[in-house]
Each structure stands twice: as C-alpha cells, then as structure tokens.
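The values are calculated or read from the model by the stated rules, or taken from the named source; none is laboratory data. The structure presented is a predicted model; accordingly, all values stated were derived computationally and were not measured. Glycine gets a Cβ as well: all are built from the backbone with ideal geometry, and neighbour counts include every protein chain shown.
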Amino acid sequence: MLKKIAIEKISQLAAVLMEKGTLLAPVKEVSGHNFAEIKDPKQVDLDFYNTIMSPKGAFFPHKEDFVKYKIGKPLSEVEPAVLNLKPAFLFGVRPCDVKSFEIMDIHFDAAGIIDPYWRFRREATTIFGYAYDLSQPVDSADFYNTLGIYAADPEGSDIFMVKKDKELLLKAITKKGENLLPELTVLKDGITADEKYFTEYVNKGKEYKTRFMTLDQEVVAKKLEDIFDNTDFWTKMSAACLSCGICTFVCPTCYCFDICDDTLFGKGTRRRVWDACMFTDFTLEASGHNPRTQVYQRLRQKICHKYSYHIRKYGVISCVGCGRCTRHCPVNIDIYSIVEAALKA
Ligand code: SF4
Ligand code: SF4
C-alpha cells in the first residue's frame, strides 16, 4: 500500500498523527535538527541531512524518573513514574538509525532481562523511516554501507518515506504500517508511477555510496583482541581525545546508563541518566580504584565493545555507521579510521 502527500502539506499529516498520539519528528534548532515531541504541526521539518542526536531518546530518554519517595516512609508510599500510554509516531528516521533499534533491542528486550520502559515505547511506536535525499552529497563521516545498510533501505521501518519532487511517498512495510496508513485520511492514494518511483528509489539508494571497507566480523573481532595490549597503537589513536563523551551521547547504539537518587529535604527521586564509557569516572569503583584511568583505555573500550565484544556476545557489530561520532567529535576522532588502522596494525 502506497500513499502520498504534498510536502507543503506535511503539517496536515502531522496534525492527524498528533490527534492519534504523541508525534516525535525532526525540528530545526539553532545548531541543527533534532527529534522532539511536536506541539505545533508546523514544527515538523523534513529538510535535514540527519539529526544531531540519534532518535534513541524516543525509547531511552536522556533522563528518566522511575520513582518518587519520601525518606523514612514505607515502600507502599513510593510513587512510580507514570508512563505516557498513548501510541507514538517516530517520524523521519534515516535507515541507518532505524537499524540501530534492532541492535538496542538486544540489550533492552532480548538479553534475558526486559526493560519495560524500552519495550512499552517500542511496541507503542510506529516508525516512519525516511530515505536520504539521493540528489544531495553524502556526508564524508558516514559509512553505513560498510555495515550493509543503504540510503533508502526500508527494512525495519513500519512505513517508509521517499521524497518525489514536491511530494512525499509513504509505503507500508509492516502490518503496523498497513493498519495505520488507511487511517491517515489526509493522504492520497499513490498511482502505479509512484510505486515504480518508490522501487527505483530504493534500488538507487544502493548506489549512493558512503565510505566502505570490507568488514568480516570474525576478522575484526579477532584483530581487536590481538592488538588489545598494543598500547602504542591505542595511545596514538586517542592522543587528541578530550573524554567529553559526545561520541557516545550522539550514538544510536550506545546504551550505558547510571541510576541515581536525587534527594532533598526528605524527598527523593530515583532516575536513570545516560552515562558514557569515555568519561573519566565511568569505571571508578567505590574503593577509589579506577581500572580505566587512561584515555587510551577508554577509547579502546569503546572501539572493542562495538567491534569485538559485541560480535562475540551477540553476533553483530554495535555500530550502524551513521557518522555522528565523527561529525560531532570536537577533535575529529574517526571510528572508521580507527577500525581501518586496527585491521592493518
Ligand atoms: S567525542 Fe571525541 S574527544 Fe569526545 S570523548 Fe569522543 S573521541 Fe574523545
Ligand atoms: S559508533 Fe559512531 S558511526 Fe557507529 S553508530 Fe555510533 S555514532 Fe554512529
């Protein structure tokens, strides 16, 4: 099933989705685009390359309160946080980011322990994937082709969107998408020429080239194990690193978090906040011992986790080549170049 709408009428589609639930879509901010909960349908802006922050925050917010309590009071008085139970629509997600949700599912929903917050939001959310604009140059930081992902790859989306001149084509990919699309009465039916355009666009996306290297999972996992103790290599790779953690915060597949208690005047809130292996105190133990005091140890951890340990444990690289960590690193540290150098070391 394929539907369409004029891009200038996108706010009408946004308004219909807002009536049905929570709409999260790209909005233009001072420094670029980011996903945000839409309050005014006119905020939705599809004229972007990719967002600064990944869309993982839709399922795993940067900061999330779990319970509120009063110190010294019984457990029965603890107030759990109320989840937004409305259906949600995550609109305008690039194919590499859509792929990241599958990787994150491993940690929040399939590794033996289910995170109810992640699972609930995943189930309640319809994903509108959005093909890259193939007429625009690819960003030099991107390398999602290396991970087998293409610029107009509909896999993983419930509905996949492709721009066709001044129109937006929307095709249902999953049952969830098929059920929703006919309810969006603001959309028009696509015609045969639209179906043809959509299929050709998806295929053309395979020729839209990002950086690429042949990556055999077994080879890269083993190579990183072999050079684990090559301190000279890791020191050279991390020489400029500031331990700022930006690369992990913008990453769609980084999932480390901390649980903390904020207490004041006898009242407390227990919340989850993002954490990052690049921070100096990430591994600081209560005894005062810190097994990763050196920058090179922390960068090595990040690279080896994504390109070695994750393969060993879950059979998949924990990176989708979205390029954000490279694009936003203040000192231009590039994960692709590090993996490439590691393979040659
Ligand atoms: S963004 Fe760059 S400088 Fe900051 S922690 Fe990551 S690699 Fe280091
Ligand atoms: S490691 Fe970098 S390129 Fe890979 S998914 Fe994370 S931000 Fe994107």
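One residue is enough: does the stretch 85-102 have a residue meeting the conditions of a type in the set (Val, Ile, Thr) and out of contact with any Gly (no Cβ under 8 Å at 6 or more places or on another chain)?
Restricting attention to the stretch 85-102, the residues satisfying the condition of being of a type in the set (Val, Ile, Thr) are 93, 98.
When the remaining residues are screened for being out of contact with any Gly (no Cβ under 8 Å at 6 or more places or on another chain), the result is none.
No, there is no match, as no residue in the stretch 85-102 is of a type in the set (Val, Ile, Thr) and out of contact with any Gly (no Cβ under 8 Å at 6 or more places or on another chain).
Can you confirm whether Leu242 is within 16 Å of ligand 1 (Cβ to nearest atom) and outside the structural domain of Phe108 (by TED's automatic domain parsing)?
So Leu242 fits the description; yes.
One residue is enough: does the stretch 269-280 have a residue meeting the conditions modelled with pLDDT of 95 or more, outside any loop (DSSP other than H, G, I, E, B) and under 27 Å from Asp226 (Cα atoms)? No, the stretch 269-280 contains no residue that is modelled with pLDDT of 95 or more, outside any loop (DSSP other than H, G, I, E, B) and under 27 Å from Asp226 (Cα atoms).
Being within 23 Å of the chain's Cα centre (by Cα) and surrounded by fewer than 17 Cβ atoms within 10 Å (Cβ to Cβ) is true for just one of Lys236, Lys209, Lys222. Which residue is that?
Details: Lys236 fails: within 23 Å of the chain's Cα centre (by Cα); Lys222 fails: within 23 Å of the chain's Cα centre (by Cα).
On inspection, the qualifying residue turns out to be Lys209.
Quick check on Phe60: is it part of a loop (DSSP other than H, G, I, E, B) and out of contact with any Cys (no Cβ under 7 Å at 6 or more places or on another chain)? Yes, satisfied. Ala172 - would you say it is at pLDDT 95 or above, of a type in the set (Gly, Ala, Ser), away from ligand 1 (no atom under 16 Å from the Cβ) and more than 28 Å from Cys251 (Cβ to Cβ)? Judged against the criteria, Ala172 is a match.
For every residue, the table says whether it meets (1) more than 14 Å from ligand 1 (Cβ to nearest atom); (2) in the same structural domain as Met237 (by TED's automatic domain parsing); (3) not in a helix (DSSP H, G or I).
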| residue | (1), (2), (3) |
| --- | --- |
| Ser287 | yes, yes, yes |
| Ile303 | no, yes, no |
| Lys306 | no, yes, no |
| Lys313 | yes, yes, no |
| Cys319 | no, yes, yes |
| Pro330 | no, yes, yes |
| Ile333 | no, yes, yes |
| Tyr336 | no, yes, no |
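The single condition from (1) surrounded by 20 or more Cβ atoms within 10 Å (Cβ to Cβ); (2) of a type in the set (Val, Ile, Thr); (3) in a helix (DSSP H, G or I) that Ile106 fails is (1).
Restricting attention to the stretch 238-247, the residues being within 12 Å of Gln294 (Cβ to Cβ) and in contact with a Phe, Trp or Tyr (Cβ under 7 Å, 6 or more places away or on another chain) number 2. From the list Thr192, Thr214, the one residue that fits, being more than 16 Å from ligand 1 (Cβ to nearest atom) and under 21 Å from Lys3 (Cβ atoms), is Thr192.
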